[in-house]
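K.L.:
Sharing a structure, written as structure tokens. Questions coming.
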Amino acid sequence: MVALTPSPSPFATLLRRSKFATFDPSIAQVFTVHGGDAHRGNWGFKRPLAVRRRGATITVKSVDTGAQQTEWNSGENQAKFMKRYEELNVEPRRRGWRERYETEFAPGETPQHIGFEINRFVQNPIAMKPKQFRKYLEQMRAKRPEFIAYLREKGKTDPRIGTKSMFELAQQPDTDYHAQFLADQAAAAHNTMKSRVMDRHVHKSGGLIYSRPSSLQTYLTTKPQPGRVLMDTIRRFRAQKEGYIVSFAGLAPLLIKRNVVSDLKRMRWKDSSDPQRGVGQFRMKNPSLRALPVVVGKRQGLKAMKLAAQVQDVLPAETDNARSNMHMPGSADYVAASPLPGKHGEHVAPMNFDDPARVKRFARYKPDNSAQNTIDILKDIIRNSVSTKPK
């Protein structure tokens, strides 16, 4: 007799398909809904919500409160900002002295001295249970010979250690050699190929962008975006460069005045006769992340993020016919495309230097023949010396 397997519970099926299974109130998340679920207000939570628009985004604070309600807020600002920055495709840089010198291909060597603090992820004995703490003590006792060898090796370069005994080192104030030893042990354990421990490092850009495009890749895969020049910058010191504040991609980046290539003028707030004043096409450059928002625990939104950037205006001609092939490099359209036509329908031809006007324009760009002249002079000297040599 074949045993019949019970059918899966409908509640378990609903739980697997629901976003409630992935909801964590301590982690800030943005939820969205598509298709017919948006029309019914079904967001995968305990009860339907009043938002019934496709592509809408929300943040949920609590699934079920004491008043039997689901607390949620709009997440449009966060979602749209991420989409806008994705269109820019520019890798931000972390502002800090460490990123200027260290490389991701080798671990950094940080000087250890009094007053310098370094954050390493080591085990926390305070958060351990009694059984875990006893096991932790046994592991620490077994590492005593390694710790002594670590101090002897470190004493060769650190005069505070030298050849002092363990008792003498214990009498010194503000000694954290054990913390440095445990931190180095944890770093060595995490860097091995056999390690299965996930290192809890903060993402380089805080999850703002996961690709690492170069400047050329950004230029070839993106287009200039519209923006508006709002006002002049306020110079707080003499060395500060003069520039404009530009409204661009939901940010207020800086446009250096001496780098402006078009006839941009800042908008006039009290004059509405020219609504297109200050509008132009821009590209972002040199974005710098100075602060990241906290997404675990006490939530912080975009207000906690500090992103400083500059923009560069683009001439209208560069936005239309900057390249002979405007498709994505490497795509089928890029390979099959023909050269773009000119203003009057003809194809763009190579520069013709038979035109007298162009010859006159490029006449000042004469090649430097000084090296060739020097070689000719040396040849003449050798030829004359050979001809005058007595037979």
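K.L.:
Expressed as a rounded percentage, what relative contact order does segment 220-321 have, with Cα pairs under 8 Å and six or more residues apart? Intermediate values should be presented prior to the final figure.
P.N.:
On the way: 179 pairs, mean separation 28.4, N = 102.
Computed value for segment 220-321: 28 percent relative contact order.
K.L.:
Multiply the residue gap between ASN42 and ASN384 by 0.36 nm, knock off their C-alpha separation, and tell me the result in nm, one decimal place.
P.N.:
Values: separation 342, 0.36 × 342 = 123.12 nm, distance 9.75 nm.
Full extension from ASN42 to ASN384 adds 113.4 nm.
K.L.:
Here's another thing I want to ask about it. Compute the Cα gyration tensor for segment 10-74, then decide on rounded, prolate or oblate, letting a ≥ b ≥ c be the square roots of its eigenvalues: rounded whenever a/c is under 1.5, prolate when a/b is larger than b/c in the other cases, and oblate in all that remain.
P.N.:
Working: a/c = 1.38, a/b = 1.06, b/c = 1.31.
Taking the square roots of the gyration eigenvalues as a ≥ b ≥ c, segment 10-74 is rounded.
K.L.:
Kindly put TYR219, TYR244, TYR210, TYR85 in sequence by how many other C-beta atoms sit within 10 Å of each C-beta, fewest to most.
P.N.:
TYR210, TYR219, TYR85, TYR244
K.L.:
Same structure, new question: Size of the dipole of segment 10-74 about the Cα centre, Lys and Arg at +1 and Asp and Glu at -1 on the beta carbon, nothing else charged, in debye to 20?
P.N.:
Taking the Cα centre of segment 10-74 as origin, the dipole is about 260 debye.
K.L.:
Listing ILE375, ILE161 from the residue with the fewest other Cβ atoms within 10 Å to the one with the most, what is the order?
P.N.:
Values: ILE375 11, ILE161 18.
Starting with the residue having the fewest Cβ neighbours, the order is ILE375, ILE161.
K.L.:
Among the listed pairs LYS80/LYS303; LYS80/LYS306; LYS223/LYS303, which have their C-alpha atoms separated by more than 24 angstrom in this model?
P.N.:
LYS223/LYS303
K.L.:
Sort ILE58, ILE27, ILE126, ILE256 so that the residue with the fewest other Cβ atoms within 10 Å of its own Cβ comes first and the one with the most comes last.
P.N.:
ILE126, ILE27, ILE256, ILE58
Every read-out reported here was derived from the displayed coordinates using simple, explicitly stated rules and does not represent laboratory data. Predicted model, so just to flag it, every value in this text is computed and none were measured. Cβ coordinates were reconstructed from backbone atoms using ideal geometry, including for glycine residues, and neighbour counts include every protein chain displayed.
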